[in-house]
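Working notes, structure below.
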2 protein chains.
Amino acid sequence: MSDRGTGQAPISGESLLFLTDDQLRRGIEAMFFAYRGFTADPDRILQEYAYGRAHHRAIHFIKRSPGNTVNNLLDILGVTKQSLNRVLRALIEDGLVESRIGKQDRRERHLFLTETGQELEKELSEAQRGRMRAAYRDAGPDAVAGFRQVLEQIMDPEMRRHFQTFKEGS
Amino acid sequence: MSDRGTGQAPISGESLLFLTDDQLRRGIEAMFFAYRGFTADPDRILQEYAYGRAHHRAIHFIKRSPGNTVNNLLDILGVTKQSLNRVLRALIEDGLVESRIGKQDRRERHLFLTETGQELEKELSEAQRGRMRAAYRDAGPDAVAGFRQVLEQIMDPEMRRHFQTFKEGS
DNA sequence: AGTTTATGTCAGCCTTGTTGACTTTCCAAG
DNA sequence: CTTGGAAAGTCAACAAGGCTGACATAAACT
């Protein structure tokens, strides 16, 4: 906050070395390499079930807020309904996801994980959490706070809204 | 080691609340949403040139270490040579990348950006750095240090090796 | 009654990943 | 000098998962 009256000026009292192009490049590459690790474990598991990342994302967010409508999920995932539909159809056919017609608005479909769906979700999320937990533990709580803070700033405002919505509500 | 009035965690004196499943889930979702933002700006630019993320990645790492061999790039990007080759062929045909036969080992191809290639690289990386810079500035140096630390822990050891190699050498 | 909304579905296209098979080039060891 | 194998390139085929466009329902809204 007390930015010592600059905010922008070439140099302030505070070191701004962390904003050099080289530092930024390192951050960019860190994102690239880390994201590969981030998805590696679930990817391995998904392969056994002949699913892909798209299925994982759907499963994750259905688990996250059961009863969500298709439209809502579309918004969160940022894909077209045709793309999502292909994935949902497979998950419903395979008995991992249940689609219930809305009671107030019968046009809506509310999505839930079945027993089987919850099992796969657990397997996937435990693998992914395992890696995150190890990383968090090694880095420590302060680093984790910074990690989350920077990630939140990187998001588009619209995604940040989704993210923050999830933070509060169960 | 008095427990700091939290209870809940039957573990050590230090609060380990940042390792709860819920905290980990938030981190996972943060990675998901942030990565979308991370790639959004370059994606928009690439569309104008009818290129994709794969082209961006190749361009980035060729710029990063000019003269690298194809095999080396393959290792960094973690894709098959057929995949990379398709991308490289397009970039070479379009005059963005130059492939020079090795002098010691004439089987090898060393990759360089042409003038035009450097221009596109600059456009892409400036867009991506712009977002990162804003995020870094808003979060501050300590948060950035934590961000980088956690990302590094998330990587596979093999990727971490690539990442750290890049940290030192120019 | 007519319009809008939510969803689903079909068809076709693109990018980017995969395997497998095969060739060319060329270094290096026998 | 011959041969084995590494590095690179190419062709073919395929799959996942994005996209657009068009169209069909059903239900809600006006």
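Screening B:Leu73 against (1) more than 30 Å from A:Pro141 (Cα to Cα); (2) among the aliphatic types (A, V, I, L, M); (3) at pLDDT 95 or above leaves a single unmet condition, (3). Would you check which residues across the stretch B:111-155 are of a type outside the set (Asp, Glu), open to solvent by 70 Å² or more (accessible area, probe 1.4 Å) and within 17 Å of the chain's Cα centre (by Cα) and list them? The answer is B:Lys122, B:Arg133, B:Gln149. Taking first residues from the stretch B:143-170 that are of a type in the set (Ser, Thr, Tyr) and partners that are modelled with pLDDT of 90 or more and in a helix (DSSP H, G or I), no Cβ contact under 9 Å between residues at least 6 apart in sequence or on separate chains turns up. For the stretch B:19-42, the candidate set comprises residues that are more than 17 Å from the chain's Cα centre (by Cα) and open to solvent by less than 30 Å² (accessible area, probe 1.4 Å); within that set, the residue that is farthest from DNA strand D (Cβ to nearest atom) is B:Leu19.
Per the listing B:Glu108, B:Glu158, the residue uniquely in contact with a strand residue (DSSP E or B) (Cβ under 6 Å, 6 or more places away or on another chain) and open to solvent by 50 Å² or more (accessible area, probe 1.4 Å) is B:Glu108.
Scanning the stretch B:77-101 for residues that are more than 9 Å from DNA strand D (Cβ to nearest atom) and charged (D, E, K, R) gives B:Glu93, B:Asp94, B:Glu98, B:Arg100. Count of the stretch B:69-99 residues, restricted to those that are open to solvent by 30 Å² or more (accessible area, probe 1.4 Å) and either touching a Lys or Arg at 6+ places or on another chain (Cβ under 7 Å) or β-branched (Val, Ile, Thr) (or both), is 6. Given the condition within 15 Å of DNA strand C (Cβ to nearest atom), of a type in the set (Asp, Glu) and touching a residue at least 60 places away in the same chain (Cβ under 8 Å), answer yes or no: does some residue in the stretch A:116-139 qualify? The answer is no; no qualifying residue exists. Could we say that B:Arg107 is of a type in the set (Lys, Arg), free of Cβ contacts under 8 Å to residues at least 60 places away in the same chain and in a helix (DSSP H, G or I) here? So B:Arg107 fails the test. Taking the criterion of being of a type in the set (Ser, Thr, Tyr) and either within 12 Å of DNA strand D (Cβ to nearest atom) or away from chain B (no Cβ under 13 Å) (or both), the residues of the stretch A:43-76 that qualify are A:Tyr49, A:Tyr51, A:Thr69. Among the residues of this structure, A:Ala50 counts as one that is among the hydrophobic types (A, V, I, L, M, F, W, C) and more than 12 Å from DNA strand C (Cβ to nearest atom). B:Gly52 meets the conditions (1) surrounded by fewer than 16 Cβ atoms within 10 Å (Cβ to Cβ); (2) touching a Ser or Thr at 6+ places or on another chain (Cβ under 6 Å) in every case but one. The failed one is (2). All conditions but one from (1) away from chain A (no Cβ under 14 Å); (2) part of a helix (DSSP H, G or I); (3) more than 9 Å from DNA strand C (Cβ to nearest atom) apply to B:Leu84; the one that does not is (3).
The values are calculated or read from the model by the stated rules, or taken from the named source; none is laboratory data. Note that the structure is a prediction, hence the values are computed from the model and not measured. Ideal geometry is used to build each Cβ from the backbone, glycine not excepted, and the neighbour counts take in all protein chains shown. For the accessible areas, the whole protein counts, side chains as well, though only heavy atoms, and no ligand, DNA or RNA atoms are used. Shrake-Rupley method; radii C 1.70, N 1.55, O 1.52, S 1.80 Å.
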